1. Hey, GLY225 hits all of (1) open to solvent by 20 Å² or more (accessible area, probe 1.4 Å); (2) in contact (Cβ under 8 Å) with a residue 12 or more places away in the chain; (3) of a type outside the set (S, T, N, Q); (4) under 27 Å from VAL190 (Cα atoms) but one; which does it fall short on?
2. Would you call ASP288 touching a residue at least 60 places away in the same chain (Cβ under 8 Å) and at positive phi?
3. So SER300 fits all but one of (1) surrounded by fewer than 20 Cβ atoms within 10 Å (Cβ to Cβ); (2) at pLDDT 90 or above; what number is the exception?
4. What residue, among those in segment 230-270 that are free of Cβ contacts under 8 Å to residues at least 40 places away in the same chain and touching a helix residue (DSSP H, G or I) at 6+ places or on another chain (Cβ under 9 Å), is most open to solvent (accessible area, probe 1.4 Å)?
5. Any residue at all in segment 67-76 that's modelled with pLDDT under 75 and open to solvent by 70 Å² or more (accessible area, probe 1.4 Å)?
6. Would you point out which residue out of ALA526, ALA542 is assigned to a helix (DSSP H, G or I), more than 25 Å from ALA409 (Cα to Cα) and modelled with pLDDT of 75 or more?
7. For the condition surrounded by fewer than 18 Cβ atoms within 10 Å (Cβ to Cβ) and more than 18 Å from VAL497 (Cβ to Cβ), what is the one hit in GLU426, GLU465?
Amino acid sequence: MASEIALPADFTIILVAAAVTSVVAKQLEQPTIVAYILTGLLLGPAVLGIGTPGELTQTMSELGLAFLLFLLGVKMRIEDVRHVFRPVVMIAVPQMGLVCLVGLGTALLVGFSFRESLLIGLAVMYSSTAVVVKMLSDRDEVTSPQGTIDVGVLLVQDVVVVVLLTLLAFGRPDSAIDVATTLLTVLALVAGIGLAAIAASRYLLPVVFRRIADNEDVFFLIAIGWAFLFIFVADRLDLSIEMGAFLAGLAIAQLPYSTELQDRITPITDLFILIFFVSIGLGLEAADLVVYWREAVVASLVLISAKFWVFFSLIRWQRFSLETAFLGSANMIQVSEFALVVGTVAVAEGVIGPPVLGFLSLVALLTMSISVYAIAYSHALYERLHPHVGRLETGDEHEMDRAEYRNHAVVIGYDELSRSALEPLEAYYDDVVIIDRTVDHVETLDEAGYDVIYGDFRHTEIRKEAGLGRADFVLSSTPERDVNEVLLGAVSEETTVFVEAQWADDARELYARGAHYVVMSTQLTAERLAAYLEAYFEDVEAFEAAIETDVARLRRSEPFPETLDPERRDHE
């Protein structure tokens, strides 16, 4: 019974302490990642010793990184990143080799043996997936040019670290043949899981998700279950569960329902990733941290500088702009959390001793902490430096096109009201984006050639994908007041907004919040009824013609009937 109580108590201490430090960090306008790591150091054996990374904490920590990669996969549509595959590989492979050499050389210079230095070089050549992806997600830069490059490089690094961990787990190989055999086995397993994910995204998932997407709870549970299935398979095959989670997310990303899922996964991911960063601090022993603290400070400064210039040179070599190279390089200057994992496995196999693991832990902690600030202020720093470094632009750079809507129309909800508005909107706007949560509507609109987004408009990711802040006109065909209030708070001052209301009080409030026109179905119905009654009593033929027109419209099966008056169409 005591052990059953200890684990929840330990978990509670971590959550409460992390909540307090994150509030303080927010008040001081400091990154929360640093607050989480400091929380772990404070609670762990390095300072107070009142928190330990128990079984629950360890499990949630591992799931945190896996869910972060799952969320990353959900955001990665293959058609958006296919064109950067070659430059990403051309950047990632030489980058790892060069940083490995810098790490090896630095370790030798500060006094480590060749074997220890080689292991250190292999451990520090990766950047932190957790830090980079979390910061990019918070800043909405995952699909930016620098974000796409960095994420691609991180994925290549993840494959390499999986191979390295597998090789270390097998102990010291007897020959080069053993190394090659293990390497090919790992690559074959990863390729097999990847092909299974791609096949599922084409043949299985569309059928499953189409049936359950209208039920939000079942939709969410099926997606989480899909993620855990790939995590389980990867774990059973002794592969990285992060890689399995990413491939699971990548399969879902190819579906039209992926954006809706992002907002629902983010809170769970944030909780798990909190535990992940706290557990880094919890696992650090004070005695091991101080043995090589001077060497760790020197190595951290060298690696931060080296990583920045290596990435910057390689990104520029691939002819990306100066801004993309600068921002992408600033994102990747830290040593990965995988350095601790590699070091732990190496200690277990007798390759290095615990003090060397302490050195790697301190280097990772220092570089992560510094990099968080570098990422947070990278744009401001680039703006300050650009007048001095702008001459480095050669004029032959290429950039990745990111699909962005501008000066377009957004329609929220697909019903009789919005359906009648589509044709006039198409006449005035090059892009008309429709947001709807009904699968049948989404498929119908997609087949008709409209840009349609599946999801709940109240979710932030849905509004971002629709480019709501850059829209010129927005029509909301839902009378739900909370939806329309969110809309009016999210659009720019220049955007023209038409909304629908059911009650006069709601209409008055929406006008007060900035709506240009409030459609009141009851008012329109009353005016139409008055016109029909007048026609019935004064012009029976006109009344009968109007009724015949209405009945004909109701009988039409086309999803997009003509909405213009016949005489107007003849003139056009």
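1. It fails just one condition, (2).
2. Details: touching a residue at least 60 places away in the same chain (Cβ under 8 Å): yes; at positive phi: no.
For ASP288, the condition - touching a residue at least 60 places away in the same chain (Cβ under 8 Å) and at positive phi - is not met.
3. All conditions are met except number (1).
4. Quick first cut of segment 230-270, residues free of Cβ contacts under 8 Å to residues at least 40 places away in the same chain only: 230, 232, 235-236, 267, 270.
Restricting the remaining residues to those that are touching a helix residue (DSSP H, G or I) at 6+ places or on another chain (Cβ under 9 Å) gives 230, 232, 235, 270.
Numbers: PHE230: 20, PHE232: 121, ASP235: 88, ASP270: 61 Å².
Step by step, filter segment 230-270, then rank; the result is PHE232.
5. For segment 67-76, residues modelled with pLDDT under 75 and open to solvent by 70 Å² or more (accessible area, probe 1.4 Å): absent.
6. Numbers: ALA526 fails: modelled with pLDDT of 75 or more.
Result of the check over ALA526, ALA542: ALA542.
7. On the way: GLU465 fails: surrounded by fewer than 18 Cβ atoms within 10 Å (Cβ to Cβ).
Step by step, each of GLU426, GLU465 is checked, and only GLU426 is surrounded by fewer than 18 Cβ atoms within 10 Å (Cβ to Cβ) and more than 18 Å from VAL497 (Cβ to Cβ).
Conditions tested, residue by residue: (1) more than 30 Å from VAL433 (Cα to Cα); (2) assigned to a helix (DSSP H, G or I); (3) of a type in the set (Phe, Trp, Tyr).
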site	(1), (2), (3)
ALA234	yes, yes, no
LEU239	yes, no, no
ALA248	no, yes, no
ALA251	no, yes, no
THR269	no, yes, no
GLY281	yes, yes, no
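The values are calculated or read from the model by the stated rules, or taken from the named source; none is laboratory data. The structure displayed is predicted, hence computed values, not measured ones. Here Cβ is always computed from backbone atoms with ideal geometry, including for glycine, and neighbour counts include all displayed protein chains. What goes into the accessible areas is simple: the full protein's heavy atoms, side chains included, and nothing from ligands, DNA or RNA. Shrake-Rupley method; radii C 1.70, N 1.55, O 1.52, S 1.80 Å.
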